[in-house]
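Before any comments, here is the structure.
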Amino acid sequence: MAYPTDRPRRLRRTPALRRMVRETRLLPEDLIWPLFTVPGRGVKEPIPSLPGQYHLSPDMAAKEAKEAHAAGLPAVILFGLPEAKDAAGSGAWDNEGPVQQASRAVKEAAPEMIVICDTCLCEYTDHGHCGPLKGQEVDNDAALPLLARTAVSQAKAGADMVAPSDMMDGRVGAIRRALDEAGLEHIPIMAYAAKYASAFYGPFREAVDSAPAFGDRKSYQMDPANAREALYETALDVEEGADIVMVKPALPYLDVIRAVRERFDKPVAAYSVSGEFAMIKAAGAAGLIDEQAVMLESLTAIKRAGADLILTYFAAEAVRLIG
Ligand code: PBG
């Protein structure tokens, strides 16, 4: 049976019919908004590489989070720019660091808001790599206790979830053990499981001044050419105790999101990264695309590919449109 019996256009004729048969619905509860915290009070400085996003002191992060929560946003993920950086990245586990202070402030301002902390050292190391160095290389096993200590500090500051993004081998297990030993066995881990060495992170690294001082991240983040390896990485993180698994970036890796969705029964998150956001913003500002329409289409496509959760700089804007 085919045309003229089959006419797929019948169900596309009106907005109501299209809505009735729509397969994928983008919902506010799918979205997680990244916030960039800095030391101080009353600070809200525009981030040049991420139009419409700000460096926020803990009090201002709480204010933004409260407003976004009232508009329907369920979750934020916090990144931090410390006062000073050093070789080990010790600012990451400073109980009075901007991320820890912002965790407390957001939970106080909006107790129902889910606060996730990005767990990594690259924002805190003076060399910009995601772990301490041994010569010119990142020392995997030396990074693990530092990451674990960071996660415990974040959870003690009120974070509802920690999200290791460093791509060291064994970090999910190390963090799980440290959380459990600290009596934080109820804190889930969202693991950046398949994180690629992507050029799409450029605007983020400018925002947190975390570009590696030498070399690149290719010895720990994944080769963009590999998809099978994403399943291997994800399997290891699940075995080590990941509660949610993430694929990052999102739009250029929809096949990986789909493959992870099909293989694993954990919630799947996708991080639509800074470069994806910046490209849509730039093309919108240049009048080349309809920014809002492209934003919603992109987020819907990421969900259609299999993501249950989407981390996006558009989150606060999107909930106001779909909420
Ligand atoms: C920290 C981290 C990065 C991003 C999230 N966590 C940067 C990196 O790995 O270089 C990128 C986020 C984005 O580009 O939006 N390791």
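The values are calculated or read from the model by the stated rules, or taken from the named source; none is laboratory data. Remember, predicted model here, so these are calculated numbers, not experimental data. Using ideal geometry, Cβ is built from the backbone for each residue, glycine included, and neighbour counts are taken over all protein chains shown. SASA here: full protein model, heavy atoms, side chains in, ligands and nucleic acids out. Shrake-Rupley method; radii C 1.70, N 1.55, O 1.52, S 1.80 Å.
Brief remarks on what is shown
- Condition met for GLU112 (touching a residue at least 24 places away in the same chain (Cβ under 8 Å), open to solvent by 10 Å² or more (accessible area, probe 1.4 Å) and either assigned to a loop (DSSP other than H, G, I, E, B) or more than 21 Å from ALA191 (Cα to Cα) (or both)): yes
- Among the residues of the range 197-206, those that are more than 8 Å from the ligand (Cβ to nearest atom) and either within 14 Å of the chain's Cα centre (by Cα) or among the aliphatic types (A, V, I, L, M) (or both) comprise ALA197, ALA199.
- When residues in the range 199-234 are screened for being open to solvent by less than 60 Å² (accessible area, probe 1.4 Å) and either β-branched (Val, Ile, Thr) or outside any loop (DSSP other than H, G, I, E, B) (or both), 12 of them pass.
- Within the range 134-148, at least one residue is over 22 Å from GLU233 (Cα atoms), more than 14 Å from the ligand (Cβ to nearest atom) and in a loop (DSSP other than H, G, I, E, B).
- Among the residues of the range 139-165, just one is under 16 Å from ALA75 (Cα atoms) and polar (S, T, N, Q), namely GLN154.
- Residue within the range 280-293 that is polar (S, T, N, Q), more than 12 Å from the ligand (Cβ to nearest atom) and open to solvent by 10 Å² or more (accessible area, probe 1.4 Å) present: yes
- Hey, GLU181 open to solvent by 40 Å² or more (accessible area, probe 1.4 Å), farther than 26 Å from PRO111 by Cβ and away from the ligand (no atom under 12 Å from the Cβ) or not: yes
- Close pairs from the range 213-231: first within 17 Å of ARG258 (Cβ to Cβ), partner part of a loop (DSSP other than H, G, I, E, B) and within 14 Å of the ligand (Cβ to nearest atom), Cβ under 6 Å, at least 6 apart: none
- Inclusion of ALA174 among residues that are more than 16 Å from the ligand (Cβ to nearest atom), without any contact (Cβ under 8 Å) to a residue 24 or more places away in the chain and either of a type in the set (Phe, Trp, Tyr) or open to solvent by less than 30 Å² (accessible area, probe 1.4 Å) (or both) is not warranted.
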